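The values are calculated or read from the model by the stated rules, or taken from the named source; none is laboratory data. Just so it is clear, the model here is predicted, and its values are computed rather than measured. Neighbour counts run over all protein chains shown; Cβ positions are idealised from the backbone, glycine included. All accessible areas refer to the heavy atoms of the entire protein, side chains included, with ligands and DNA or RNA removed. Shrake-Rupley method; radii C 1.70, N 1.55, O 1.52, S 1.80 Å.
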2 protein chains.
Amino acid sequence: MAKVKGLRCRECGKEYPAEPIHVCEFCFGPLEVVYDYEEIKKNISREKIERGPKSLWRYIDILPVEEPKVGLTAGYTPLKKAENLGKVLGLKNLYIKDDSVNHPTLSFKDRVVSVALSKAVEFGFDTAACASTGNLANSVAAHCAQAGLNCFVFIPANLESQKIYGSLVFSPTVVAVEGTYDDVNRLCSEIANELYWAFVNINIRPYYAEGSKTLAFEVVEQLGWRAPDAVVAPAASGSLITKIWKGLKELKLVGLIDEMNTRVYGAQAEGCSPIAQAWREGRDYIKPVKPNTIAKSIAIGNPADGIYALQVTKESRGDWETATDEEIIEGIKLLAETEGIFTETAGGTTIAVLKKLAERGAFKEDEVVVAYITGNGYKTLEVLEGHVKETIRIKPTLSDFKEKILVRV
Amino acid sequence: MAKVKGLRCRECGKEYPAEPIHVCEFCFGPLEVVYDYEEIKKNISREKIERGPKSLWRYIDILPVEEPKVGLTAGYTPLKKAENLGKVLGLKNLYIKDDSVNHPTLSFKDRVVSVALSKAVEFGFDTAACASTGNLANSVAAHCAQAGLNCFVFIPANLESQKIYGSLVFSPTVVAVEGTYDDVNRLCSEIANELYWAFVNINIRPYYAEGSKTLAFEVVEQLGWRAPDAVVAPAASGSLITKIWKGLKELKLVGLIDEMNTRVYGAQAEGCSPIAQAWREGRDYIKPVKPNTIAKSIAIGNPADGIYALQVTKESRGDWETATDEEIIEGIKLLAETEGIFTETAGGTTIAVLKKLAERGAFKEDEVVVAYITGNGYKTLEVLEGHVKETIRIKPTLSDFKEKILVRV
């Protein structure tokens with residue numbers, strides 16, 4: 001592949017061929033895909049992208065895959081101008097990038113999995129797997145079904161039941177591990193050392209993570225080839241924020257935009273905020289925490305890319321903020337009531353943090369601000385219990401309607 | 001509006017101005033929007049549509065709305081070539097039109113509601129409402145939040161809890177009526193006579209129903225401006241099938257396609273199949289039934305457009321077929337396991353019926369067949385209980401993994 005030079009260690013810079021490996025043999029740093037941007041620049045143009053498929057594969061020239069094999073409809077989700085929410089927050093150019101309707105499994109994970117499993121098929125794997133807080137498991141199971149791969153998904157045993165059924169329907173083997181996500185992840189790393197399985201977020205991680213760049217690419221294209229002034233995104237492992245930033249920089253590098261001064265803001269749940277805590281305390285390292293939050297999809301206590309996410313906010317002059325469980329539920333409701341978009345707890349965290357940032361003056365009124373909504377509210381319905389209005393029960397008669405409903409209007 | 005001539009009674013042909021009315025004063029027949037196709041033909045072209053927004057509003061020239069006011073991201077969902085499912089069914093050109101990821105509320109109802117509420121805003125209503133089996137309620141609640149309209153949704157009290165929360169999050173008044181959908185619908189008709197509310201599927205119904213035509217328009221465009229040989233769609237009120245057919249005919253009328261020989265097949269749940277029963281018995285009228293099926297979203301015992309749906313299958317040389325509850329669940333699983341798409345009971349009905357039709361030779365191997373998937377599986381999760389594999393619980397150790405999982409592989 002002319003566009004991909006290989007892998008490189010983020011820590012010591014040692015280079016490797018583009019194989020299913022993820023850790024530097026010398027310093028144990030994480031490996032990252034390195035591109036030949038001069039070569040890419042020759043092949044890419046706004047017009048070519050606009051003529052491309054209505055999916056994330058319109059950006060294949062800056063993705064580490066030769067040919068899409070799976071996830072052909074993933075990505076290219078709506079960017080919605082949020083007039084109503086903008087009014088509440090005093091922002092005139094607020095946008096929601098809405099991956100709650102991503103294809104096929106309703107979260108941004110369909111992006112990373114499409115790329116990871118296309119690569120896994122290229123590598124010749126016949127079995128795929130993941131360590132997941134739920135959304136990733138849904139997506140891996142769905143895409144393995146498409147691709148005809150054997151599938152094993154590993155989740156914390158205490159996950160929301162909705163998300164478990166959202167995996168089981170695709171008939172993978174679902175392994176419920178008694179422990180936190182971090183326990184699940186550790187176990188999967190051990191398994192990946194022993195078996196030739198494509199763990200999308202372990203040994204395939206360098207390729208997998210690149211899929212998140214499309215969240216930057218699409219927003220810039222949808223804004224009319226303009227980088228936003230600020231973006232707010234949730235952080236679990238920290239990979240998403242790191243890759244949004246990489247994507248924005250790449251668009252400038254290959255000449256698709258001339259300017260990029262985007263500030264990147266990170267959102268974490270107060271009950272699992274190791275990256276935000278490091279930022280507050282001025283640390284450049286992460287102290288692992290034990291998660292205690294309803295936002296299970298972002299409850300990673302020992303985030304693999306936490307330090308790189310910190311670097312992004314520093315380099316971009318962004319910031320971090322956290323939300324309590326109560327604020328997360330309020331965030332879900334605020335987005336629903338103003339914009340008609342139903343997100344899960346991770347999206348509630350993003351909206352709660354966006355609100356706090358707006359209230360403390362992080363954005364100028366006219367700035368173009370994009371909030372990333374990464375998953376669908378149907379996946380975490382149970383958190384709404386006791387927090388929404390109740391239904392009103394009536395008999396099917398006009399008189400009962402008048403007596404029980406009309407009097408309240 | 002030059003493109004819209006007005007409304008016309010489907011039964012006696014009497015004409016009316018384009019107002020919020022739905023029943024003929026003389027014969028009580030339903031009213032339908034009538035267009036000036038010569039005028040539309042002058043303004044429309046494939047190129048203009050392709051340059052339009054990536055939503056159903058790219059077809060505004062054949063919709064009864066002046067300007068979109070709400071639902072700006074609805075529609076334009078993926079059309080997926082179903083290679084795996086096609087192999088199972090012996091079909092080389094099978095496609096899934098996937099409204100399980102429609103924006104924002106994950107069903108085809110986002111199409112009809114976008115059109116209905118844009119029209120309601122045009123008419124000056126400040127309150128919108130609907131009688132719903134769940135999906136419509138979700139969509140009306142979401143779009144009312146966007147548009148700042150007061151919202152009342154009426155549902156049968158025994159609805160899936162998932163779908164109720166999927167409405168409540170947007171803060172409408174949810175009225176749970178003790179009775180079937182048909183009872184709910186009757187009550188809402190009475191209320192619509194007394195109050196100046198925009199009931200999207202009652203007094204706004206002529207405009208609302210037009211939104212379903214976009215399911216025909218998009219499929220034809222996504223197939224490269226070619227009408228499919230056959231389509232399979234679920235039937236509740238019968239409106240969807242009627243409007244898919246109207247949309248296909250319109251594309252030919254306005255010159256966007258030269259040929260249209262599509263056969264339309266209707267799918268109903270065995271436990272609520274008044275239209276399919278009429279077809280089997282050669283009747284041109286509907287005998288209402290009392291629904292008894294897990295496919296609650298299509299459980300309409302007295303379908304308003306049933307006789308028109310029958311006419312469509314007759315005119316198009318299509319057919320009807322039904323699926324039992326067990327077959328519906330198998331249909332959900334078959335689509336998930338082959339194509340990685342998770343649909344609800346209505347989609348399970350469609351797939352089960354598609355399978356039966358294929359098995360009895362309704363399609364030639366090479367024909368282009370499109371199955372309409374109208375809603376998302378997250379909305380009816382509870383039907384999967386006891387019908388999918390179980391999770392396997394392990395301790396977070398390699399030895400437990402080997403003992404409990406690896407031995408099974």
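Looking at this structure, is residue A:295 within 27 Å of residue A:159 (Cα to Cα) and among the aliphatic types (A, V, I, L, M)? Spell out the reasoning first.
Numbers: within 27 Å of residue A:159 (Cα to Cα): yes; among the aliphatic types (A, V, I, L, M): yes.
So residue A:295 passes the test.
Count, please, the residues in region A:343-372 that happen to be open to solvent by 10 Å² or more (accessible area, probe 1.4 Å), touching a Gly at 6+ places or on another chain (Cβ under 7 Å) and part of a loop (DSSP other than H, G, I, E, B).
1
Which condition breaks for residue A:96 when tested against (1) over 29 Å from residue B:394 (Cβ atoms); (2) open to solvent by 10 Å² or more (accessible area, probe 1.4 Å)?
Among (1) over 29 Å from residue B:394 (Cβ atoms); (2) open to solvent by 10 Å² or more (accessible area, probe 1.4 Å), the lone unmet condition for residue A:96 is (2).
Does residue A:322 meet the test of being open to solvent by less than 10 Å² (accessible area, probe 1.4 Å), part of a helix (DSSP H, G or I), among the polar types (S, T, N, Q) and within 22 Å of residue A:97 (Cα to Cα)? Working first, answer last.
Values: open to solvent by less than 10 Å² (accessible area, probe 1.4 Å): yes; part of a helix (DSSP H, G or I): no; among the polar types (S, T, N, Q): yes; within 22 Å of residue A:97 (Cα to Cα): yes.
The answer is no for residue A:322.
Only one of B:213, B:163 is crowded, with 23+ Cβ neighbours inside 10 Å, farther than 24 Å from residue B:91 by Cβ and more than 13 Å from chain A (Cβ to nearest Cβ). Can you tell me which?
Working: B:163 fails: more than 13 Å from chain A (Cβ to nearest Cβ).
It is B:213.
What about residue A:180, is it more than 30 Å from residue B:160 (Cβ to Cβ) and at pLDDT below 95? Explain how you work it out, then say what you get.
Values: more than 30 Å from residue B:160 (Cβ to Cβ): yes; at pLDDT below 95: yes.
Answer is yes for this residue.
Could you tell me whether any residue of region A:34-44 is of a type in the set (Val, Ile, Thr), in contact with a strand residue (DSSP E or B) (Cβ under 9 Å, 6 or more places away or on another chain), open to solvent by 50 Å² or more (accessible area, probe 1.4 Å) and not in a helix (DSSP H, G or I)? Full working, then the answer.
Initial filter on region A:34-44 (of a type in the set (Val, Ile, Thr)): A:34, A:40, A:44.
Checking which are in contact with a strand residue (DSSP E or B) (Cβ under 9 Å, 6 or more places away or on another chain) leaves us with A:34.
Next, only the ones that are open to solvent by 50 Å² or more (accessible area, probe 1.4 Å) stay: none.
Within region A:34-44 (the criterion being of a type in the set (Val, Ile, Thr), in contact with a strand residue (DSSP E or B) (Cβ under 9 Å, 6 or more places away or on another chain), open to solvent by 50 Å² or more (accessible area, probe 1.4 Å) and not in a helix (DSSP H, G or I)), the answer is no, since none of the residues qualifies.
Select from region A:375-386 the residues that are in a helix (DSSP H, G or I) and either more than 9 Å from chain B (Cβ to nearest Cβ) or acidic (Asp, Glu) (or both) and write down the one among them that is surrounded by the fewest Cβ atoms within 10 Å (Cβ to Cβ). It would help to see each step written out before you state the result.
We begin by selecting, within region A:375-386, every residue in a helix (DSSP H, G or I); these are A:377-384.
Then drop every residue that is not either more than 9 Å from chain B (Cβ to nearest Cβ) or acidic (Asp, Glu) (or both), which leaves A:380, A:382-383.
Details: A:380: 27, A:382: 12, A:383: 20.
This residue is A:382.
Would you say residue A:49 is part of a helix (DSSP H, G or I), under 20 Å from residue A:249 (Cβ atoms) and free of Cβ contacts under 8 Å to residues at least 24 places away in the same chain?
Numbers: part of a helix (DSSP H, G or I): yes; under 20 Å from residue A:249 (Cβ atoms): yes; free of Cβ contacts under 8 Å to residues at least 24 places away in the same chain: no.
For residue A:49, the condition - part of a helix (DSSP H, G or I), under 20 Å from residue A:249 (Cβ atoms) and free of Cβ contacts under 8 Å to residues at least 24 places away in the same chain - is not met.
Can you name the residue in region B:387-398 that is assigned to a loop (DSSP other than H, G, I, E, B) and among the β-branched types (Val, Ile, Thr) and, of all such residues, is farthest from residue B:98 (Cα to Cα)? Lay out the reasoning, then the answer.
Taking region B:387-398 and keeping what is assigned to a loop (DSSP other than H, G, I, E, B), we get B:387-391, B:395-397.
Now drop any that are not among the β-branched types (Val, Ile, Thr), which leaves B:388, B:391, B:397.
Values: B:388: 22, B:391: 28, B:397: 40 Å.
So the residue we want is B:397.
Can we say residue A:124 is within 11 Å of chain B (Cβ to nearest Cβ), without any contact (Cβ under 8 Å) to a residue 24 or more places away in the chain and farther than 25 Å from residue B:142 by Cα? First the steps, then the outcome.
Values: within 11 Å of chain B (Cβ to nearest Cβ): no; without any contact (Cβ under 8 Å) to a residue 24 or more places away in the chain: yes; farther than 25 Å from residue B:142 by Cα: yes.
Considered against the rule, which asks whether it is within 11 Å of chain B (Cβ to nearest Cβ), without any contact (Cβ under 8 Å) to a residue 24 or more places away in the chain and farther than 25 Å from residue B:142 by Cα, residue A:124 comes out as no.
Of the numbered conditions (1) over 20 Å from residue A:235 (Cα atoms); (2) in the same structural domain as residue A:346 (by the TED database); (3) hydroxyl-bearing (Ser, Thr, Tyr), residue A:73 satisfies every one except a single condition; which is it?
Only one criterion is unmet by residue A:73, namely (2).
So, in region B:387-409, of the ones that are hydrophobic (A, V, I, L, M, F, W, C) and free of Cβ contacts under 8 Å to residues at least 12 places away in the same chain, which residue ends up farthest from the other protein chains (Cβ to nearest Cβ)? Don't jump to the end; show me each part of the working.
Within region B:387-409, the first condition is being hydrophobic (A, V, I, L, M, F, W, C), and the residues that meet it are B:388, B:392, B:394, B:398, B:401, B:405-407, B:409.
Restricting the remaining residues to those that are free of Cβ contacts under 8 Å to residues at least 12 places away in the same chain gives B:394, B:398, B:401, B:406-407, B:409.
Working: B:394: 6, B:398: 5, B:401: 6, B:406: 8, B:407: 12, B:409: 8 Å.
So, considering only residues that are hydrophobic (A, V, I, L, M, F, W, C) and free of Cβ contacts under 8 Å to residues at least 12 places away in the same chain, the one farthest from the other protein chains (Cβ to nearest Cβ) is B:407.
For the structure I just gave you, tell me whether residue B:58 is within 25 Å of the chain's Cα centre (by Cα), at pLDDT 95 or above, part of a strand (DSSP E or B) and of a type in the set (Lys, Arg).
Details: within 25 Å of the chain's Cα centre (by Cα): yes; at pLDDT 95 or above: yes; part of a strand (DSSP E or B): no; of a type in the set (Lys, Arg): yes.
No: the conditions fail for residue B:58.
From (1) of a type outside the set (A, V, I, L, M, F, W, C); (2) out of contact with any Pro (no Cβ under 6 Å at 6 or more places or on another chain); (3) under 16 Å from residue A:268 (Cβ atoms), pick out the condition that doesn't hold for residue A:349.
The failed condition is (2).
Return yes or no: is residue A:110 surrounded by fewer than 24 Cβ atoms within 10 Å (Cβ to Cβ), out of contact with any Lys or Arg (no Cβ under 6 Å at 6 or more places or on another chain) and not aliphatic (A, V, I, L, M)?
Values: surrounded by fewer than 24 Cβ atoms within 10 Å (Cβ to Cβ): no; out of contact with any Lys or Arg (no Cβ under 6 Å at 6 or more places or on another chain): yes; not aliphatic (A, V, I, L, M): yes.
The answer is no for residue A:110.
Which one is farthest from residue B:338 (Cα to Cα) among residues in region A:122-149 that are of a type in the set (Ser, Thr, Tyr) and either at pLDDT 95 or above or open to solvent by less than 10 Å² (accessible area, probe 1.4 Å) (or both)? Walk me through it before giving the result.
Restricting attention to region A:122-149, the residues satisfying the condition of being of a type in the set (Ser, Thr, Tyr) are A:127, A:132-133, A:139.
If we keep only those that are either at pLDDT 95 or above or open to solvent by less than 10 Å² (accessible area, probe 1.4 Å) (or both) too, we end up with A:127, A:132, A:139.
Numbers: A:127: 16, A:132: 22, A:139: 14 Å.
Ranking the qualifying residues of region A:122-149, first place goes to A:132.
For region B:292-311, check the following and say yes or no: at least one residue is farther than 19 Å from residue B:232 by Cβ, outside any helix (DSSP H, G or I), open to solvent by less than 10 Å² (accessible area, probe 1.4 Å) and touching a Pro at 6+ places or on another chain (Cβ under 9 Å).
Yes, the conditions are met somewhere in region B:292-311.
Name, by its number, the condition in (1) open to solvent by less than 10 Å² (accessible area, probe 1.4 Å); (2) within 28 Å of residue A:48 (Cα to Cα); (3) without any contact (Cβ under 8 Å) to a residue 40 or more places away in the chain that does not hold for residue A:261.
All conditions are met except number (1).
For region A:59-73, how many residues meet the condition of being within 20 Å of residue A:100 (Cα to Cα) and either more than 9 Å from chain B (Cβ to nearest Cβ) or in contact with a Pro (Cβ under 7 Å, 6 or more places away or on another chain) (or both)?
The qualifying residues number 1.
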